[in-house]
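*Asks:* There's a structure below that I have some questions on.
The values are calculated or read from the model by the stated rules, or taken from the named source; none is laboratory data. In this text the structure is predicted, and so the values were computed from the model without any measurement. Note that each Cβ is placed from the backbone with ideal geometry, even for glycine, and that neighbours are counted across all protein chains shown. Ligands, DNA and RNA are excluded from the accessible area calculation, which covers all protein heavy atoms including side chains. Shrake-Rupley method; radii C 1.70, N 1.55, O 1.52, S 1.80 Å.
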Amino acid sequence: MESLPRIEFVELHDLDGTPAVLRTLHTESITTIYRLTDAAREYARPLALALRSGADHRIVDLCAGSGGPVPLIQRRLHASGVHTQVTLTDLVPNVPAFERVAAGNRRRLPDPCCSVDHVPSSVDATDCRLEGTRTIYGAFHHFPPALATRMLQNAVDTRQPMVVVDTKRSWLYVLVFPFFLTLAVLLAAPFQRNPLPRYLLRLVLTYVVPVLPFMMFWDSVVSFLRMYGRAELRRMVDGLDGTESFTWTIGVEPGFTGAQYLIGIPRSR
């Protein structure tokens, strides 16, 4: 499937007309799926590799949605003796979700060596000024090539390490994963912790009017078709101004999630 062109199409939760509450319910479902599938086990490896290669242990998570997998990854790294400080950011930050993630982190990792905080204001991933290793998990494919390149160029221009993790482009994931993810939404809805009005709305939009399952199915199909291949990532980094000042590593972690990664580390001057 690497030889096929990437297909640029629209995911429903990216549409400007999608109600904010529906977008929040969707991203919360994704965060729950990360937890249920233990995606952090495979997703942690590229970040661990970057940290071993000299990346900053201060993590700036871009496009964090409703928390994403990075706090889960942080716990896994902590268990192996690797300590990080995570800052969650998003263009449209879900501040209540970020605060819940931070509170959960304090309960599970009371040691101040591993903190989680957030930026309550909008952070543009293509023009970020925060210092630390930028991570973007499961969201890089949302950016068309011009914007994706701008994000990487911004990391080079500010000399901040970059770790991009997405799913590899494969027919297996296009044909199988959307059904798996939709089933996960159907099974997990009653167990997701939300304020009562939003919890009831989640149940209605899952079982009475199945908007959320349809949204997950559609968006996951489109997501897998929009994934960047390794050759496309290589062309992208090769075209960056000053790309020679970074060491770039592109690869795929073996395992269930098909985690494909791009790591950029500034070279010593």
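*Asks:* Pull up the DSSP beta bridges for the chain and report the antiparallel fraction as a percent, rounded to 5.
*Replies:* So the antiparallel bridges amount to about 50 percent of the total.
*Asks:* Can I ask one more? Return the whole-Å distance between the Cα centroid of the range 2-46 and the Cα centroid of the range 224-258.
*Replies:* So the two Cα centres are separated by 19 Å.
*Asks:* Let me ask another. Determine the sum of side-chain charges near PRO96: Lys and Arg each +1, Asp and Glu each -1, restricted to other residues whose C-beta is under 12 angstrom from that of PRO96.
*Replies:* +1
*Asks:* State to the nearest 20 debye the size of the charge dipole of the range 131-269 about its Cα centre, where the only charges are +1 on K and R beta carbons and -1 on D and E beta carbons.
*Replies:* 160
*Asks:* Follow-up question, since we're still on this one. Just from its helices, what would the mean residue ellipticity at 222 nm be for the chain, if runs of 4 or more DSSP H residues each count -39500 (n - 2.57) and the sum is divided by every residue, rounded to the nearest 500 deg cm²/dmol?
*Replies:* It lands at -14000 deg cm²/dmol.
*Asks:* Please name whichever of LEU225, LEU200, THR247 sits farthest to the positive end of the charge dipole of the range 186-248, dipole taken about the Cα centre and charges placed at Cβ: Lys and Arg +1, Asp and Glu -1.
*Replies:* In the range 186-248, that residue is LEU200.
*Asks:* Can I ask one more? For the range 47-187, what is the charge dipole size about the Cα centre, in debye to the nearest 20, if Lys and Arg each add +1 at the Cβ and Asp and Glu each add -1 at the Cβ?
*Replies:* The dipole magnitude comes to about 420 debye.
*Asks:* Please work out whether the range 101-178 counts as rounded, prolate or oblate from its C-alpha gyration tensor, where a ≥ b ≥ c are the square roots of the eigenvalues and a/c under 1.5 means rounded, while otherwise a/b larger than b/c means prolate and anything else oblate?
*Replies:* Oblate shape, in that a/c is at least 1.5 and b/c is the bigger or equal ratio.
*Asks:* Follow-up question, since we're still on this one. If you add up the charges near VAL163, with Lys and Arg at +1 and Asp and Glu at -1, over every other residue whose beta carbon is less than 14 angstrom from its beta carbon, what do you get?
*Replies:* Once all neighbours under 14 Å are counted, the net charge is -1.
*Asks:* Please get the size of the charge dipole for the chain, origin at its Cα centre, with Cβ charges of +1 on Lys and Arg and -1 on Asp and Glu, quoted in debye to the nearest 20.
*Replies:* It works out to roughly 720 debye.
*Asks:* Report the one residue of SER29, LEU62, HIS142 whose Cα lies farthest in the direction of the positive end of the charge dipole of the chain (charges on C-beta: Lys and Arg +1, Asp and Glu -1; origin at the Cα centre).
*Replies:* So the residue we want is SER29.
*Asks:* Choose one of PRO110, THR84, PRO161: the residue whose Cα lies farthest towards the positive end of the charge dipole of the chain (beta-carbon charges +1 Lys, Arg; -1 Asp, Glu; about the Cα centre).
*Replies:* After comparing all options, I get PRO110.
*Asks:* Scanning the chain for helices, which whole DSSP H stretches are 15 Å or more long along the axis (Cα) and average 1.0 or more by Kyte-Doolittle?
*Replies:* The answer, listed by residue number, is 171-188, 211-226.
*Asks:* Work through the residues other than ASP38 whose Cβ is under 12 Å from its Cβ and net out their charges, Lys, Arg +1 and Asp, Glu -1.
*Replies:* Result for the neighbourhood of ASP38: +3.
*Asks:* Out of the total accessible area of the range 1-113 (probe 1.4 Å, heavy atoms of protein only), what percent is carbon and sulfur?
*Replies:* 59
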